[in-house]
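Undergrad: Take this structure first; my questions come after.
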Amino acid sequence: MEFHEVLRVRSRHRPGFMAKLCSAVSTAGAIIGEIETVSTGGDFSVRDITVEAKDEAMVEDVVKGIEQIDGISVLSRIDRVFEKHRGGKIQVVSRVKLEKVSDLRQIYTPGVARVCRAIEKEKDLVRELTWTGSSVAICTNGTRVLGLGDIGVEASLPVMEGKAVLYEKCAGLSAVPILVDAKDAATFIATVEKIAKSFGGIHLEDISAPECFEIEAELDRLLDRPVMHDDRHGTAVAALVAAKNACRLAGFDLKTRKGSRSS
């Protein structure tokens with residue numbers, strides 16, 4: 001059920017009307033999720049009802065079915081998936097407070113000049129004194145996005161934002177989507193190489209084969225920071241974990257390739 005739509009429904013405040021509404025949803029093949037009462041009392045009640053459906057056509061069937069019931073009408077519709085993405089899913093937020101003039105003088109001019117000079121003298125300090133040590137660039141050219149294929153860099157951005165959210169929630173790292181509008185490996189490699197110093201690691205995402213292999217290998221050779229292609233390494237890690245768990249449950253030792261149980 002990929003579609004989660006919130007229907008604001010106005011119905012008569014009488015016994016049986018919610019049952020009729022639920023029946024209309026069920027008849028269309030959809031599922032009712034959350035129900036939130038907006039207002040009630042008098043002759044009518046207004047509720048927000050989340051409908052889970054497999055496609056847009058099913059949602060339309062639900063709405064038509066509800067509208068056919070005397071005493072019930074759909075006031076508005078909100079697609080929850082699109083609402084989650086509206087305005088983007090990520091933002092850059094300051095880690096330090098900016099409340100007084102003295103704060104500004106420390107994080108910006110004139111205090112920041114001392115930090116710049118320190119990094120100029122000892123470049124390794126950039127990982128300690130900037131966000132480089134905890135940031136990742138999520139680089140893609142949009143040529144192999146999930147199950148969607150070559151949809152272009154703009155259409156791939158919601159996926160990259162989602163991956164950035166996972167980085168922040170699961171690992172506490174700041175991840176920034178970088179859209180490289182180039183299908184050839186050479187241009188992609190050159191672009192990422194030029195911006196790599198801004199980040200502590202390079203995450204390659206949704207790049208078609210065979211270019212993805214050349215891109216990762218060359219960037220790994222050129223850069224002095226980690227480079228990972230999610231669709232290769234992520235899949236390999238997940239597969240290895242599954243194999244290890246299966247062997248553990250079966251009593252099979254991968255190191256010795258000997259089982260403790262008879263097959």
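Undergrad: Pick out the one residue from LYS64, LYS97 that is over 28 Å from LYS169 (Cβ atoms) and surrounded by fewer than 16 Cβ atoms within 10 Å (Cβ to Cβ).
TA: LYS64
Undergrad: Return the residue satisfying two criteria in turn: it lies in segment 1-44 and is closer than 27 Å to PHE82 by Cα and in contact with a Phe, Trp or Tyr (Cβ under 8 Å, 6 or more places away or on another chain), and of such residues it is surrounded by the most Cβ atoms within 10 Å (Cβ to Cβ).
TA: Among those residues, the one meeting the criterion is SER11.
Undergrad: Looking only at segment 133-155, count every residue that is closer than 13 Å to SER208 by Cα and either part of a helix (DSSP H, G or I) or out of contact with any Lys or Arg (no Cβ under 8 Å at 6 or more places or on another chain) (or both) and tell me the total.
TA: 12
Undergrad: Cβ contacts < 9 Å: first residue on the phi > 0 side of the Ramachandran plot, restricted to segment 203-219; second residue surrounded by 18 or more Cβ atoms within 10 Å (Cβ to Cβ) and of a type in the set (Gly, Ala, Ser), any location; separation 6+ or different chain. Result?
TA: Correct list of pairs: ASP206/GLY142; ASP206/SER156.
Undergrad: Is at least one residue of segment 196-216 in a helix (DSSP H, G or I), of a type in the set (Ser, Thr, Tyr) and within 17 Å of the chain's Cα centre (by Cα)?
TA: No, every residue in segment 196-216 fails to be in a helix (DSSP H, G or I), of a type in the set (Ser, Thr, Tyr) and within 17 Å of the chain's Cα centre (by Cα).
Undergrad: Out of curiosity, is VAL159 over 23 Å from GLU218 (Cβ atoms) and buried (at least 16 other Cβ atoms within 10 Å of the Cβ)?
TA: Considered against the rule, which asks whether it is over 23 Å from GLU218 (Cβ atoms) and buried (at least 16 other Cβ atoms within 10 Å of the Cβ), VAL159 comes out as yes.
Undergrad: Suppose the filter is modelled with pLDDT of 95 or more and surrounded by 13 or more Cβ atoms within 10 Å (Cβ to Cβ); does ASP230 pass it?
TA: no
The values are calculated or read from the model by the stated rules, or taken from the named source; none is laboratory data. Note that the coordinates shown come from a computational prediction; the quantities given were computed from them, not determined experimentally. Cβ atoms come from the backbone with ideal geometry, glycine included; neighbour counts cover every protein chain shown.
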